[in-house]
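The values are calculated or read from the model by the stated rules, or taken from the named source; none is laboratory data. Quantities reported herein were computed from a predicted structural model and do not represent experimental measurements. Every residue, glycine among them, receives a Cβ derived from its backbone with ideal geometry; neighbour counts consider all protein chains shown. Keep in mind that these areas ignore ligands, DNA and RNA; they rest on the heavy atoms of the full protein, side chains included. Shrake-Rupley method; radii C 1.70, N 1.55, O 1.52, S 1.80 Å.
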Amino acid sequence: MELIAEPLTPDAFAPYGRVISRPERPNDAAGPGWTWWAETALLSGDGRAMGVGYLDLEPGTRSFDWAERHLRTQEAVLAMSTDVLLYVGPPEHRQEPVRLPPLETFRVFRVPAGGGVVMDRAVWHGAPFAVERPGVAVVLILEGTGRTDVAKVSFDPVGIGGV
């Protein structure tokens, strides 16, 4: 099976969360060499501190054979220096944490450098892939999520095309 990577748009990503990009609204402040928009996206929490994860990414095989989700936690992925491919699956079967939806319902989005997404709770996903060159992504997630709020499933590899 192969999924085709598609452009990241707010409408296309809406079933999974919100897109982070330069806002189209007026800025909140500006100065020489900088422009600021406050609170372009919010991650709701449950009292835990927000963790900042660092992903060092290298281009490689464009296929995935696992996915995870967090039933109580939102997660943000920000492509800092290169475009990345992010695969996501619908947040179905919340009462059965490791029940994966059909792989045909997964989608792959090309997240542009400088942009990102906030995934809703229970959205299936995995580590993003660097597209054309090595890069860095930042992940924002609540403290302890990897220990207390993760369901992970392995499956036969799914290819990514259309890049």
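Charges were assigned to the Cβ only: +1 to each Lys and Arg, -1 to each Asp and Glu. The resulting dipole of the chain about its Cα centre is roughly 220 debye. Estimated purely from DSSP H runs of n ≥ 4, each contributing -39500 (n - 2.57), the mean residue ellipticity at 222 nm for the chain is -500 deg cm²/dmol once divided by its residues. The distance linking region 1-78 with region 109-129 is 5 Å (Cα centroid to Cα centroid, whole angstrom).
Ranked by solvent-accessible area (1.4 Å probe, protein heavy atoms only, all chains present), the residues E6, E132, E24, E75 order from largest to smallest as E24, E132, E6, E75.
Accessible area per residue was computed with a 1.4 Å probe on protein heavy atoms; T35 scores about 60 Å².
Across the chain, the longest run free of exposed loop sites, meaning trypsin sites (Lys or Arg not before Pro) lying outside DSSP classes H, G, I, E and B with no more than 15 other Cβ atoms within 10 Å, spans 100-163. Orientation-averaged projection of region 1-97 equals 9.4 nm² [convex hull of Cα atoms, one quarter of hull surface area].
Measure off, as a whole percent, the carbon and sulfur share of the 1.4 Å-probe accessible area of region 57-163, all protein chains present. Here carbon and sulfur together make up 51 percent of the probe-accessible area.
Accessible surface computed residue by residue for the chain, with neighbouring protein chains in place and a 1.4 Å probe, gives 53 Å² per residue.
In plain terms, the bigger the Kirkwood radius, the slower the diffusion; for region 36-90, with that radius from Cα pairs, at 20 °C and 1.002 mPa s, Stokes-Einstein puts D at 149 µm²/s.
Judged by the mean number of other Cβ atoms found within 10 Å, the most tightly packed of the peptides 41-47, 125-131 leads the ranking 125-131, 41-47. Within the full protein context, the accessible area of S154 is estimated at about 90 Å² for a probe radius of 1.4 Å. With contacts taken as Cα pairs under 8 Å at a separation of at least 6 residues, the chain carries a relative contact order of 39 percent. Restricting the calculation to alpha carbons of the chain gives Rg and Dmax of 15.9, 52 angstrom. Around V158, under 9 Å between beta carbons, what's the net of Lys plus Arg minus Asp minus Glu among the other residues? In short, -3.
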